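A.B. asks: Here it is, the structure in full.
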Amino acid sequence: MSPALPVIQARSLSKRYGDKLALDNASFEVGPGRIVGLIGPNGAGKTTAINTILGLIPADGALSVLGLDPFRQRNALMEQVCFIADVAVLPRWIKVNQIIDFVRHIHPQFRPERCEDLMRQFDLPRKSRVSSLSKGMITQLHLALVMAIDARLLVLDEPTLGLDIVSRKHFYDHLINDYMDQERTILVSTHQVEEIENILTDLLFINRGKIVLDMPMDELPNHYVQLVTDSDKAAQARALGPIAERNLLGRCVFIYENADQSSLAALGEIRHPSVADLFVAKMQPRTVS
Amino acid sequence: MKVITQRYVQMAWLVRREIWEHRMVVGGPLLLAIVLVATGLISFFSPSHTMIDVNGMTPAQLLNTSDLAPIRAGALLFLGAIGLLFLSIANALQFFYSADALFAERTERTILFWKSMPVSDLETVLSKFLVAGVVMPCVALLAALITQIFLAAVVSLQFREFPEALSVFWSPWVWGNLIGLSFYMLITTMIWFAPVIGSLLLLSAWVPLSGPMRLGRSPIQLAILISVVLVIVEKLIFHTTIIYNLLIDRIGFRGYPAAALVNSSVGDIPTIGMAPMTFMTSASVWVGLLVAALTITAAVYCRRLSESRG
């Protein structure tokens, strides 16, 4: 596959569970070398989208991951894709050295020397069972296993859920410093948007199964601005069609999409909204808190 | 060629993984071997062992005879009973293992880790079938053979004053027949129980983690419950016992094709003869293999869609 081609290409992806539409005509692309944040509230369809990309479940529509049909060619796909679904999925009965041996013999892209380096860095006890490790250590072990695999796509579904802030920070530091390069792509789904917004290159917001935002991070300032103004100018600001508004310490905060920034500047202070603010704006438009 | 070798290596590691997880695969037969060997040793060092009589005769009277045929047959029966005990334990362990193999990984959610490896659902299910259907009986047979040799040595030491009888005990006839019968039983029971193992693997992959079908704590309880309910419902509604007979024929060994072929006996106790052609031409064997293939395919399908089903 040419490096210019998308790593993930989804067209009109739909998945229904009974009456509930978990994915509703979702279309998006993920290019090589990108770090994409798939962000959405609970029940938005994040895990369904990820499971579809990983070939764990079938879905309607067209989906290509690294040029393969994930559901039909899952075996071949898993040689080039790694995923951490949750930190709690490592078998608790297995010993650290057993799981390393197992992955080494099962995965053709596993690099033992890289795993050894990481194990030394993390200082994990080799002969212990996973059940005797702390949650942070289990995450490090899982990360060492995944980072030792020469995969082109890494998919992380809430990888740091339940971890303390130090472990979460270490997780992302290792991921960026020791793993990421131009050949690799990372798709990460998380609730802790603030922790990863500095490492993301692209944003994918999903709500009720629909993709509501698909944009590179460096284009956000061109499309979204935040206006902080006094309450006496709120009516004027509201007239310019914000997608969200809220009150903050007696002032009014508005978020605009594709607005004329010169008109807004006359009303107050213009800022770039954080990913968290933008997320709330796109999920709950025009609400006042 | 490289791909084929890699597949074999993968399968060997999948099997190894199962043995790591389910320590009873080796631990069960090993424990039985330890118990039997310990019993043998206690018997050897116990002063009362010479008091055991058979048909009103002491062991010394039994062994002090010129007619060696009953001793030979008795030795085969004694050692064969040990082998059968190991195979029976292996069968019970096989059933428990098969019912748990594809269920535990879903309840513990470790299935998401295993599925992150480039291993197909078919390979995973086949590895579990191999462990239940082949590895467990082979481990049991190996443990049985070591126990048989050890206990034969204990008996030899106990009755060392009867060298003529002991030469029969260690004769090629006894050990040739014992090993031949053991391997015959090993192979035929592997084939015979394949549909039971396949059905339990299917149940293990299918049982929902929640909802009304989550009856009991494990699929083995559900298997027993479904069997009992089906037998009772059939009897009450149709007044027939087809399902009951099917279960007894298969699990209770009643339909085992070689069981009826008694070609030797010791006293009133029949021994199982080797009749491979009779076994392999039996309809129940081939129907069983077909059921095994269908249930394994269905188990693969259930595991494939486990994330869709929850």
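The values are calculated or read from the model by the stated rules, or taken from the named source; none is laboratory data. Only a predicted model underlies this, so the values are computations on that prediction, with no experimental measurement involved. With ideal geometry, Cβ positions are generated from the backbone for all residues, glycine too; neighbour counts draw on all protein chains shown. In case anyone asks, the SASA skips ligands and DNA or RNA and just uses the protein heavy atoms, side chains included. Shrake-Rupley method; radii C 1.70, N 1.55, O 1.52, S 1.80 Å.
A.B. asks: Could you say whether any residue in region A:227-237 is at pLDDT below 90, closer than 20 Å to A:Phe28 by Cβ, outside any strand (DSSP E or B) and not aromatic (Phe, Trp, Tyr)?
C.D. replies: No, there is no match, as no residue in region A:227-237 is at pLDDT below 90, closer than 20 Å to A:Phe28 by Cβ, outside any strand (DSSP E or B) and not aromatic (Phe, Trp, Tyr).
A.B. asks: Would you confirm whether or not region A:151-162 contains a residue that is touching a Gly at 6+ places or on another chain (Cβ under 9 Å) and either acidic (Asp, Glu) or in contact (Cβ under 8 Å) with a residue 60 or more places away in the chain (or both)?
C.D. replies: Going residue by residue through region A:151-162, those that are touching a Gly at 6+ places or on another chain (Cβ under 9 Å) are none.
No: region A:151-162 contains no residue that is touching a Gly at 6+ places or on another chain (Cβ under 9 Å) and either acidic (Asp, Glu) or in contact (Cβ under 8 Å) with a residue 60 or more places away in the chain (or both).
A.B. asks: Can you say whether A:Arg168 is open to solvent by 30 Å² or more (accessible area, probe 1.4 Å), more than 24 Å from A:Thr201 (Cα to Cα), outside any strand (DSSP E or B) and not aromatic (Phe, Trp, Tyr), as far as the supplied structure shows? Walk me through how you get there before you give the answer.
C.D. replies: Details: open to solvent by 30 Å² or more (accessible area, probe 1.4 Å): yes; more than 24 Å from A:Thr201 (Cα to Cα): no; outside any strand (DSSP E or B): yes; not aromatic (Phe, Trp, Tyr): yes.
No, not satisfied.
A.B. asks: So which residues in region A:101-130 are in a helix (DSSP H, G or I) and within 12 Å of chain B (Cβ to nearest Cβ), if there are any at all?
C.D. replies: First, pick out the residues of region A:101-130 that are in a helix (DSSP H, G or I): A:101-106, A:112-122, A:130.
A:Asp101, A:Phe102, A:Val103, A:Arg104, A:His105, A:Ile106, A:Val130 - these are the residues of region A:101-130 that are in a helix (DSSP H, G or I) and within 12 Å of chain B (Cβ to nearest Cβ).
A.B. asks: Right, something else. Could you please give the count of residues in region A:204-247 that are among the acidic types (Asp, Glu), out of contact with any Cys (no Cβ under 9 Å at 6 or more places or on another chain) and surrounded by 15 or more Cβ atoms within 10 Å (Cβ to Cβ)?
C.D. replies: Taking region A:204-247 first, the residues among the acidic types (Asp, Glu) are A:214, A:218-219, A:230, A:232, A:245.
With out of contact with any Cys (no Cβ under 9 Å at 6 or more places or on another chain) added as a condition, the list becomes A:214, A:218-219, A:232.
Adding the requirement that they be surrounded by 15 or more Cβ atoms within 10 Å (Cβ to Cβ) leaves A:214.
Residues meeting the conditions: 1.
A.B. asks: Confirm whether A:Gly55 is surrounded by 21 or more Cβ atoms within 10 Å (Cβ to Cβ), in a loop (DSSP other than H, G, I, E, B) and within 20 Å of the chain's Cα centre (by Cα). First the steps, then the outcome.
C.D. replies: Details: surrounded by 21 or more Cβ atoms within 10 Å (Cβ to Cβ): yes; in a loop (DSSP other than H, G, I, E, B): yes; within 20 Å of the chain's Cα centre (by Cα): yes.
Yes, satisfied.
A.B. asks: Spot the failing condition for A:Arg72; the list is (1) within 14 Å of chain B (Cβ to nearest Cβ); (2) touching a Leu at 6+ places or on another chain (Cβ under 7 Å), and only one is missed.
C.D. replies: It is condition (2) that A:Arg72 fails.
A.B. asks: Suppose we filter region B:105-121 for residues that are more than 9 Å from every other protein chain (Cβ to nearest Cβ) and in contact with a helix residue (DSSP H, G or I) (Cβ under 8 Å, 6 or more places away or on another chain); how many remain?
C.D. replies: Looking only at region B:105-121, we keep the residues that are more than 9 Å from every other protein chain (Cβ to nearest Cβ), and these are B:106-107.
Filter once more, so that each one left must be in contact with a helix residue (DSSP H, G or I) (Cβ under 8 Å, 6 or more places away or on another chain): B:106.
Counting residues in region B:105-121 that are more than 9 Å from every other protein chain (Cβ to nearest Cβ) and in contact with a helix residue (DSSP H, G or I) (Cβ under 8 Å, 6 or more places away or on another chain) gives 1.
A.B. asks: Here is a follow-up. Here is a check on your reading of the model: is A:Lys46 among the basic types (Lys, Arg), more than 8 Å from chain B (Cβ to nearest Cβ) and touching a Leu at 6+ places or on another chain (Cβ under 6 Å)? If you could, list the steps in order and put the result at the bottom.
C.D. replies: Values: among the basic types (Lys, Arg): yes; more than 8 Å from chain B (Cβ to nearest Cβ): yes; touching a Leu at 6+ places or on another chain (Cβ under 6 Å): yes.
It is true that A:Lys46 is among the basic types (Lys, Arg), more than 8 Å from chain B (Cβ to nearest Cβ) and touching a Leu at 6+ places or on another chain (Cβ under 6 Å).
A.B. asks: For region A:75-99, enumerate the residues that are at the interface with another protein chain (Cβ under 8 Å from one of its Cβ atoms), open to solvent by less than 30 Å² (accessible area, probe 1.4 Å) and in contact with a Ser or Thr (Cβ under 8 Å, 6 or more places away or on another chain).
C.D. replies: A:Met78, A:Cys82, A:Phe83, A:Ile84, A:Ala85, A:Val89, A:Leu90, A:Pro91
A.B. asks: Okay, moving on. Exactly one of (1) open to solvent by less than 20 Å² (accessible area, probe 1.4 Å); (2) among the small types (Gly, Ala, Ser); (3) more than 14 Å from chain B (Cβ to nearest Cβ) is unmet by A:Ala144. Its number?
C.D. replies: Going through (1) open to solvent by less than 20 Å² (accessible area, probe 1.4 Å); (2) among the small types (Gly, Ala, Ser); (3) more than 14 Å from chain B (Cβ to nearest Cβ) one by one, A:Ala144 breaks only (3).
A.B. asks: Moving to a separate point now. Quick check: anything in region A:157-167 under 21 Å from B:Pro118 (Cα atoms), of a type outside the set (Lys, Arg) and within 13 Å of another protein chain (Cβ to nearest Cβ)?
C.D. replies: Going through region A:157-167, the residues under 21 Å from B:Pro118 (Cα atoms) turn out to be A:157, A:159.
Within this subset, residues satisfying the condition of being of a type outside the set (Lys, Arg) are A:157, A:159.
Right, trim to within 13 Å of another protein chain (Cβ to nearest Cβ) and you get A:157, A:159.
Yes.
A.B. asks: Hand me the list of helices (runs of 4 or more DSSP H) wholly inside region B:43-110 holding 1 or more residues that are modelled with pLDDT of 85 or more and exposed (fewer than 15 other Cβ atoms within 10 Å of the Cβ).
C.D. replies: Details: elements: B:59-63, B:69-101, B:104-107.
So the answer is B:69-101, B:104-107.
A.B. asks: Take the residues in region B:1-31 that are away from every other protein chain (no Cβ under 14 Å) and open to solvent by 30 Å² or more (accessible area, probe 1.4 Å); name whichever of them is modelled with the lowest pLDDT.
C.D. replies: Applying the filter and picking the extreme gives B:Met1.
A.B. asks: Let me ask something additional. Residues in region A:84-100 that are touching a Phe, Trp or Tyr at 6+ places or on another chain (Cβ under 7 Å) and part of a helix (DSSP H, G or I): how many?
C.D. replies: 2
A.B. asks: Anything in region A:10-44 that is open to solvent by 10 Å² or more (accessible area, probe 1.4 Å) and part of a loop (DSSP other than H, G, I, E, B)? List them, or say none.
C.D. replies: Result: A:Gly18, A:Asp19, A:Gly31, A:Pro32, A:Gly33, A:Arg34, A:Pro41, A:Asn42, A:Gly43.
A.B. asks: Please state which one of A:Ile199, A:Ile211 is of a type in the set (Val, Ile, Thr), in contact (Cβ under 8 Å) with a residue 24 or more places away in the chain and part of a loop (DSSP other than H, G, I, E, B).
C.D. replies: Working: A:Ile211 fails: part of a loop (DSSP other than H, G, I, E, B).
Testing whether each residue is of a type in the set (Val, Ile, Thr), in contact (Cβ under 8 Å) with a residue 24 or more places away in the chain and part of a loop (DSSP other than H, G, I, E, B) leaves just A:Ile199.
A.B. asks: Test A:Ala62 against the stated conditions and say whether it is more than 13 Å from chain B (Cβ to nearest Cβ) and either modelled with pLDDT of 90 or more or open to solvent by less than 10 Å² (accessible area, probe 1.4 Å) (or both). Break it down into steps so the answer makes sense when it comes.
C.D. replies: Working: more than 13 Å from chain B (Cβ to nearest Cβ): yes; either modelled with pLDDT of 90 or more or open to solvent by less than 10 Å² (accessible area, probe 1.4 Å) (or both): yes.
Answer is yes for this residue.
A.B. asks: If A:Arg104 satisfies all but one of (1) touching a residue at least 40 places away in the same chain (Cβ under 8 Å); (2) in contact with a Cys (Cβ under 8 Å, 6 or more places away or on another chain), what's the number of the condition it fails?
C.D. replies: (1)
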